[in-house]
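The values are calculated or read from the model by the stated rules, or taken from the named source; none is laboratory data. No experiment lies behind these values; they were computed from the predicted model shown. FYI the Cβ positions are ideal-geometry reconstructions off the backbone, even for glycines, and counts take in every protein chain you see.
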Amino acid sequence: MTQGPTICRRAVRLRDLRARTEERLGNVLGQRLYPNTPDFSQQPTALLKYAIKDRPPGKALDIGVGQGRNAIFLAQQGWDVTGFDPSPVGVGQAQATGHKLKLRLEALVVREQDFDLGYQRWDLIVMTYVRRFNAADAVHFQ
């Protein structure tokens, strides 16, 4: 008798349990990080404002978009912006603001290891206040 089907069912259950746990954790963290009343700056970072000064708009990626303060600023300057973050709460706030202001902003709930950065796809990549990359992350930028 083979255990193949039993092992496959267990693997599927573990995968589903992991996905549900990550979703719940993302929601809990998102509610703590992104309450309805912001307790951090809604203004774009000064470095970003400086970086795009005198630069023509293009396609921008905001890694760790959160509530969207940098992505919204870029979209207001004419950039075609995509941002992603694992927090559905933060992304929902970014989407709502972008929609309210009628901006070209695509905000996605995605973990960085699941997002395809592509190759020569972006004119600007913004990543502020997110975790530091390590040597294993290098494969995503080749």
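In table form, for the structure just shown:
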{"quantity": "Failed condition for V81, given (1) more than 21 Å from Q43 (Cβ to Cβ); (2) in contact with a Leu (Cβ under 6 Å, 6 or more places away or on another chain); (3) in a strand (DSSP E or B)", "calculated": "(1)"}
{"quantity": "Test: A71 is in a helix (DSSP H, G or I), modelled with pLDDT of 90 or more and closer than 15 Å to V109 by Cα", "calculated": "yes"}
{"quantity": "Of residues in region 76-101 being hydrophobic (A, V, I, L, M, F, W, C), over 13 Å from the mean Cα position of the chain (by Cα) and under 24 Å from D114 (Cα atoms), the one surrounded by the fewest Cβ atoms within 10 Å (Cβ to Cβ)", "calculated": "A96"}
